[in-house]
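*Asks:* Below is a structure I'd like to ask you about.
The values are calculated or read from the model by the stated rules, or taken from the named source; none is laboratory data. What you see is a predicted model, and the numbers here were worked out from it, not measured in a lab. Glycine gets a Cβ as well: all are built from the backbone with ideal geometry, and neighbour counts include every protein chain shown. When the accessible area is computed, the model is the full protein with side chains, heavy atoms only, and any ligands, DNA or RNA have been set aside. Shrake-Rupley method; radii C 1.70, N 1.55, O 1.52, S 1.80 Å.
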Amino acid sequence: MIWNKTIECRDREEMRELQSKRLCETVNRVYYNVPFYRNKMQELGVYPEDIEGIDDIVKLPFTTKQDLRDNYPFGIFASPMEDIVRVHASSGTTGKPTVVGYTRRDITIWSEIVARTLNFAGVSKDDFIQIAYGYGLFTGGLGLHYGGERLGATVVPISGGNTEKQIQLMQDFKTSVIACTPSYALYLAEAMQERGVDPKSLNLKVGIFGAEPWTEAMRENIEESFGIKAYDIYGLSEIMGPGVACECEAKAGLHINEDHFIPEVIDPNTLEQLPEGQKGELVFTTVTKEGLPLLRYRTRDLTSLNYEKCECGRTLVRMNKCTGRSDDMLIIRGVNVFPSQIESALLKINEVLPHYMLEVDRINNLDVLSVLVEVDPAFFSDKIKELEKLNKRIKKAIVDVIGINVNVKLVEPKTLGRTEGKSKRVVDKRIIQ
């Protein structure tokens, strides 16, 4: 069954006509309601009448996360605050959070597209969906929640963590769909086995996993552990939240809800649009959002697009699994972490040098971040207790900034490599295919 056959199986030329119409409406909306966009377009010498269709999208300015921060909190909203019924925000650990606002119509559309994406994965109104994504300012929990309800399924809003309760409810409620990060899914499987619970004995049939990169090998591991089908879901709060794209049962790329989000792939260096099939940075323009419509938002995620009709019958463009990012941001257990955050914490501690290395690994199916940092010779000590105190202080300073636990390893001066060129601060041992 296809949720909205008129849209999901639409002829490509008809889809382009719909996108063109909505793009022109969005450009007019932001030009006359958002000074930020009006100024950027005027700087480029571009005016609403210059945008006649989707081919003209390349004339429009890009938007970055920094633009959202610079206009914190509501500077890029295109609707008056009395029409904004909900806001979500990033953690703001690097300073100002990025804030997104939704009108009532935005919320309705969001619920509709999440219902659509759940349907991609074969979820129906007969399912029990246990949502183990975090609720709150993070869009993951509430996004899946309202989409599940729109679908007509029974939603179990347990949020993240509380593993004992997760297992109990899966058993007692006969949960058929689990939605969480893929690493947490594997952790759940291990926790069950430790408690003598066979994950395959549950009623689970489908997993909706996202918010962090994951491999095909991890998919196989999850599917084997639970005896389920595991699907990748993609979204980002700046564009809408979860539901921007999701795999269908063919698992041949993630269908993008392109009637609402026009995708492009660009060369991150030249910013030129790349042809179908060529890998580059993913860019989205929202064409139905009222609260926070964005033009050509640079996601930094690296992927390619495929416009061929899928074997499921849908014609919605597909994006391949993201293989990395065009910036240095790390995603650790679903949390965005920038090396600059850690550096800022380290540089406030007198006893360490500005030479450090971040090592990311996946141990027992959970991402683990280790920070190696050189100790200033003036403070380096043979006294273990002194080093232990320093270690704890550094660890606390980092955790206070990024919000997740880390391992800290103190090393002697000149232990870490030096380079005259661009320094390499990160070693990511996780294999992303």
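*Asks:* Relative contact order for region 114-179: what percent, with Cα pairs under 8 Å and sequence separation of 6 or more? All intermediate terms of the calculation are to be shown ahead of the outcome.
*Replies:* Working: 104 pairs, mean separation 28.9, N = 66.
So the answer I get is 44 percent.
*Asks:* Separate question: Given R₀ = 41 Å, what would the calculated FRET efficiency be for Asp198 paired with Arg393, taking r from the Cβ atoms and rounding to 0.05? Walk me through the numbers before you get to the answer.
*Replies:* Details: r = 44 Å, r/R0 = 1.08.
About 0.40, to the nearest 0.05.
*Asks:* In the structure shown, do any of Lys125/Lys205; Lys392/Lys429; Lys165/Lys200; Lys59/Lys309 have a Cα-Cα gap over 23 Å, and if so which? Could the numbers behind the result be given before it?
*Replies:* Values: Lys125/Lys205 14 Å; Lys392/Lys429 25 Å; Lys165/Lys200 18 Å; Lys59/Lys309 28 Å.
Listed pairs above 23 Å: Lys392/Lys429; Lys59/Lys309.
*Asks:* Can I ask one more? Would you mind calculating the relative contact order of region 182-233 from Cα pairs under 8 angstrom and at least 6 residues apart, reporting the percent as a whole number?
*Replies:* On the way: 54 pairs, mean separation 23.6, N = 52.
Value for region 182-233: 45 percent.
*Asks:* Might you work out the accessible area of Lys205 for me, using a 1.4 Å probe with all protein chains in place, and round it to the nearest 10 Å²?
*Replies:* 90 Å²
*Asks:* Sticking with this one: Of all the Cα-Cα pairs you can form in region 43-147, what percent are over 20 Å apart? Don't skip to the answer; put the middle values down first.
*Replies:* Working: 3173 of 5460 pairs.
The answer is 58 percent, as a whole percent.
*Asks:* Hey, what's region 198-284 come to in accessible area per residue, 1.4 Å probe, Å²?
*Replies:* Details: 2870 Å² over 87 residues.
Each residue of region 198-284 exposes 33 Å² on average to a 1.4 Å probe.
*Asks:* Continuing with the same structure: Students sometimes get this wrong: rank Ile54, Ile394, Ile363 by accessible area, probe 1.4 Å, all chains present, largest first.
*Replies:* Values: Ile54 25, Ile394 0, Ile363 85 Å².
Largest to smallest exposure gives the sequence Ile363, Ile54, Ile394.
*Asks:* If you place +1 on the Cβ of every Lys and Arg, -1 on the Cβ of every Asp and Glu, and leave all else neutral, what size is the dipole of region 192-241 about its Cα centre, to the nearest 20 Debye? All intermediate terms of the calculation are to be shown ahead of the outcome.
*Replies:* Working: 5 positive and 9 negative charges, 53 e Å.
It comes to approximately 260 debye.
*Asks:* Just the projected area, averaged over all directions, of the convex hull on the alpha carbon atoms of region 1-42: how many nm²?
*Replies:* Details: hull surface 16.2 nm².
Mean shadow area of the hull around the Cα atoms is 4.0 nm².
*Asks:* While we're here: Starting at 0 and stepping by 5 Å, how many percent of the alpha carbon pairs of region 72-131 end up in each bin?
*Replies:* 4, 15, 18, 16, 15, 15, 10, 6, 1
*Asks:* Provide the convex hull volume over Cα atoms per residue for region 240-324, in Å³. Kindly include the intermediate steps, with their values, before the conclusion.
*Replies:* Details: hull volume 7.7 nm³, N = 85.
Convex hull volume per residue, Cα atoms: 91 Å³.
*Asks:* Additional query: Roughly how big is region 103-202's charge dipole about its Cα centre, with Cβ charges of +1 (Lys, Arg) and -1 (Asp, Glu), in debye to the nearest 20? The partial results should precede the final answer.
*Replies:* Details: 9 positive and 10 negative charges, 60 e Å.
My answer is approximately 300 debye.
*Asks:* Where does region 160-289 land on the Kirkwood hydrodynamic radius, alpha-carbon pairs, in angstrom?
*Replies:* Details: mean 1/r = 0.0608 Å⁻¹.
Result for region 160-289 stands at 16.5 Å.
*Asks:* Still on this structure, I have one more. Can you check how the C-alpha radius of gyration of region 280-433 compares to 2.2 N^0.38 Å, as a plain ratio?
*Replies:* Details: Rg = 20.4 Å, N = 154, 2.2 N^0.38 = 14.9 Å.
With N residues counted in region 280-433, Rg over 2.2 N^0.38 Å equals 1.37.
*Asks:* Here's a follow-up. If you average over every viewing direction, what projected area does the convex hull of the Cα atoms of the chain give, in nm²? Let's see the in-between values first.
*Replies:* Values: hull surface 90.4 nm².
Projected area, direction-averaged: 22.6 nm².
*Asks:* Oh, and also: Quick one: compute the contact order of the chain, relative version, from alpha carbon pairs under 8 angstrom and 6+ residues apart, as a percent.
*Replies:* Values: 856 pairs, mean separation 58.0, N = 433.
Relative contact order here is 13 percent.
*Asks:* Another one. What Kirkwood hydrodynamic radius, in Å, does region 94-182 give when the mean of 1/r is taken over all pairs of distinct Cα atoms and then inverted? Mind showing how you got there, number by number?
*Replies:* Values: mean 1/r = 0.0731 Å⁻¹.
13.7 Å is the Kirkwood radius here.
*Asks:* For Ser370, Ser344, give the ranking by accessible area with the largest first, probe 1.4 Å.
*Replies:* On the way: Ser370 10, Ser344 50 Å².
The residues order as Ser344, Ser370, largest area first.
*Asks:* Suppose R0 equals 56 Å. What FRET efficiency, 1/(1 + (r/R0)^6) with r the Cβ-Cβ distance, do Gln171 and Met81 give to the nearest 0.05? Before the final figure, lay out the partial values.
*Replies:* Numbers: r = 45 Å, r/R0 = 0.80.
With a Förster radius of 56 Å, E is 0.80.
*Asks:* Shifting gears a bit: With the full set of protein chains in place, find how many percent of the accessible area of the chain is carbon and sulfur; take the probe as 1.4 Å.
*Replies:* Values: 9130 of 19170 Å².
Of all accessible area on the chain, carbon and sulfur atoms account for 48 percent.
*Asks:* A further question on this structure: Near Ser90, within a Cβ-to-Cβ distance under 12 Å, what is the net charge of the other residues, with Lys and Arg +1 and Asp and Glu -1? Walk me through the intermediate numbers first.
*Replies:* On the way: positive: Lys65, Arg69, Lys96; negative: Glu238.
Net local charge, Ser90 excluded: +2.
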